[in-house]
Amino acid sequence: MLCARGIETALDLRNAQDGWVRHRMGVVGLRTVHELRGISCHDLETVTPDKKTTCCSRTFARASSDKDQVQSAVLSYAERVVEKIRHAGQVCRVVQVFIRTDRYDENTPPYSISTLETLMTPTADSRVVVAAALRIFQQIWRNGIPYRKAGVLLLELSSDKDVSPSLFDDQLSGSEPLMKALDKVNARFGRGSIAVSYTHLTLPTTPY
């Protein structure tokens with residue numbers, strides 16, 4: 001489109017007529033032209049804004065209808081994603097889990113399901129997030145379906161410094177030093193060296 005107009009270089013674009021640029025390239029295109037002329041239209045982002053969501057998901061090597069296998073994958077993703085937000089100094093308010101079939105497999109009917117759980121208090125505690133992921137997984141799992149991809153998303157992220165104490169904080173006392181110790185061990189000996197026990201996830205984290 002630009003070449004048809006005789007615009008083949010940045011200099012040509014810089015000298016293009018504003019009306020034509022606005023008509024063919026919109027406001028964003030016009031701002032780009034103004035930037036080329038030395039007129040600032042976009043503020044330079046010197047501080048990266050905090051993420052509001054983060055995700056850990058994987059496509060399996062082959063589809064699986066084995067509940068234990070898919071569950072193990074989902075819970076490992078939960079551990080990884082909550083570790084991400086801890087390193088970023090953030091906490092999450094909502095945990096979401098999804099599982100789905102291979103969208104490109106013509107022999108398998110497409111199927112995708114997800115749901116979420118809102119936590120009582122924003123947290124970066126692996127025990128709370130993994131427990132929530134396990135509860136969600138139990139809700140959405142359907143037998144006999146060959147799942148090809150799964151993932152865990154953490155939503156409504158905020159700074160860990162903005163968390164207000166709640167009546168339930170004593171249920172997870174010692175969380176911060178425990179999580180630091182967990183991260184330190186995994187950093188030294190490799191990810192997964194120490195993890196949350198999936199068979200003892202009975203924390204009182206009822207959503208509302």
Do any residues in segment 99-125 that are within 14 Å of Ser65 (Cα to Cα) and among the basic types (Lys, Arg) have Cβ atoms under 8 Å from those of residues that are open to solvent by less than 70 Å² (accessible area, probe 1.4 Å) and part of a strand (DSSP E or B), where the two are at least six apart or on different chains, and which pairs are they?
Arg100/Ile113; Arg100/Tyr147; Arg100/Arg148; Arg100/Lys149; Arg100/Ala150
Can you tell which of Arg24, Arg14 is of a type in the set (D, E, K, R), out of contact with any Asp or Glu (no Cβ under 6 Å at 6 or more places or on another chain), surrounded by 10 or more Cβ atoms within 10 Å (Cβ to Cβ) and modelled with pLDDT under 90?
Arg24
Might you check whether a residue that is surrounded by fewer than 17 Cβ atoms within 10 Å (Cβ to Cβ), in a helix (DSSP H, G or I) and either acidic (Asp, Glu) or in contact with a helix residue (DSSP H, G or I) (Cβ under 9 Å, 6 or more places away or on another chain) (or both) occurs anywhere in segment 114-134?
no
Looking only at segment 74-102, how many residues end up being open to solvent by less than 20 Å² (accessible area, probe 1.4 Å) and in a helix (DSSP H, G or I)?
7
Surrounded by 16 or more Cβ atoms within 10 Å (Cβ to Cβ), assigned to a helix (DSSP H, G or I), in contact (Cβ under 8 Å) with a residue 12 or more places away in the chain and touching a helix residue (DSSP H, G or I) at 6+ places or on another chain (Cβ under 9 Å): does that describe Val152?
no
Can you tell me which residue among Leu119, Leu44 is closer than 30 Å to Arg14 by Cβ and at pLDDT below 95?
Leu44
Every pair of residues 6+ apart whose Cβ atoms lie under 9 Å, when the first sits in segment 58-74 and is over 13 Å from Gly151 (Cβ atoms) while the second is hydrophobic (A, V, I, L, M, F, W, C) and surrounded by fewer than 16 Cβ atoms within 10 Å (Cβ to Cβ)
Gln69/Phe60
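The values are calculated or read from the model by the stated rules, or taken from the named source; none is laboratory data. Because the structure is a prediction, the values reported are computed rather than measured. With ideal geometry, Cβ positions are generated from the backbone for all residues, glycine too; neighbour counts draw on all protein chains shown. Note: areas computed on protein heavy atoms with side chains; ligands, DNA, RNA excluded. Shrake-Rupley method; radii C 1.70, N 1.55, O 1.52, S 1.80 Å.
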